[in-house]
Amino acid sequence: MYQYYIIYKPFGMLSQFSREGEHATLADLDYSFDKDIYPVGRLDADSEGLLLLTNDNFLKTKLLDPKNKHSKTYIAQVEGMVDPEACAQLRKGVMISINGKQYKTLPARARAIEEPQLPERTPPVRFRKTVPTSWLELIIHEGKNRQVRKMTAAAGLPTLRLVRQAIGSVNLADYRISLPGQVLELPKEDLPKLYR
């Protein structure tokens with residue numbers, strides 16, 4: 001029987017069940033998953049937010065296949081002020097380095113946003129009086145390694161905090177998942193959202 005979970009992956013946790021050094025892993029969540037449950041894709045240890053877990057291999061393949069271009073929505077706290085020029089760059093695509101080669105990202109949706117309601121991060125983001133920070137919403141349709149961080153840096157806005165808010169039409173806000181480590185089994189009536 002297929003199972004589908006959404007979690008708020010905490011900052012500092014690896015997107016895997018197996019141990020690697022001193023890092024926390026999905027096995028440290030306060031939830032007992034069946035042995036055949038695995039994450040769909042990943043979030044870096046220093047990123048947080050929405051992660052899907054399932055034992056449905058067809059869905060995993062569908063969501064991870066770049067041809068399908070599923071959208072992923074991120075909110076990022078960045079160093080500096082988000083301005084129309086930076087958003088325009090991100091919308092057109094920017095040059096980033098992937099495995100030592102230059103790569104132009106696909107056009108993204110980018111806009112400045114007000115500071116969102118997010119849980120406190122442990123440890124907190126470093127604060128510097130002389131450097132302002134602002135918030136950006138970025139929607140991309142690909143998933144290269146550390147892509148969002150590389151994109152914001154290319155636009156002159158280094159990322160300080162990164163939270164994945166949505167994958168396709170599955171959004172943390174819709175399920176009132178707002179605490180790191182929170183786990184929710186997706187209701188069966190919401191499964192069509194994953195296949196859209």
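Computed from the coordinates by the stated procedures, all read-outs in this text should not be read as laboratory data. Not measured: the values here are computed from a predicted model. With ideal geometry, Cβ positions are generated from the backbone for all residues, glycine too; neighbour counts draw on all protein chains shown.
General remarks:
- Distant-in-sequence amide H partners of LEU186 (H built 1.01 Å from N, under 5 Å): TYR4, TYR5, ILE6
- Neighbours of ILE139, meaning other residues whose beta-carbon lies under 13 angstrom from its beta-carbon, give a summed charge of +4 when Lys and Arg score +1 and Asp and Glu score -1.
- Order of MET81, MET1, MET13 - criterion: other Cβ atoms within 10 Å of each residue's Cβ, fewest first: MET1, MET81, MET13
- The helix-based estimate of mean residue ellipticity at 222 nm for the chain, built from -39,500 (n - 2.57) per DSSP H run of four or more residues and divided by its residue count, is -4000 deg cm²/dmol to the nearest 500.
- The chain: most fluctuating residue of ARG161, ARG42, ARG176 per GNM, C-alpha cutoff 10 Å: ARG176
- Largest mean-square fluctuation among GLU22, GLU115, GLU48, in a Gaussian network model of the chain whose springs join Cα atoms under 10 Å apart, belongs to GLU22.
- Solvent-free Debye calculation, one equal scatterer per alpha-carbon of the chain: log10 I(q)/I(0) at 0.10 Å⁻¹ equals -0.42.
- Selection from ILE75, THR152, THR130 lying farthest towards where the dipole of the range 71-167 points positive, charges on Cβ: THR152
- Neighbours of LEU52 by Cβ distance under 13 Å: Lys/Arg scored +1, Asp/Glu scored -1, total +4.
- For chymotrypsin sites (Phe, Trp or Tyr not before Pro), the sites in the range 1-41 that DSSP calls loop and that have at most 16 other Cβ atoms within 10 Å are TYR2, PHE17, TYR31.
- If you run the Gaussian network model on the chain, springs between alpha carbon atoms under 10 Å, then out of GLN182, GLN16, GLN102 the most flexible one is GLN102.
- Eligible lysines near LYS144 by straight Cα distance, threshold 25 Å, same-chain separation 8 or greater: LYS9, LYS60, LYS62, LYS67, LYS69, LYS72, LYS92, LYS101, LYS104, LYS193
- Within-9-Å neighbourhood charge of PHE11 [Cβ basis; K, R +1; D, E -1]: +1
- Residue order, fewest to most beta carbons within 10 Å, for ILE140, ILE113: ILE113, ILE140
- Total charge dipole magnitude, the chain, about the Cα centre, Cβ charges on Lys, Arg, Asp, Glu only, Debye to nearest 20: 860
- Net dipole in debye of the range 71-167 [+1 Lys, Arg Cβ; -1 Asp, Glu Cβ; about Cα centre; nearest 20]: 420
- For GLY49, distant residues with modelled amide H under 5 Å away: LYS9, ARG164
- Within the chain, antiparallel bridges make up roughly 95 percent of the DSSP beta bridges whose residues both belong there.
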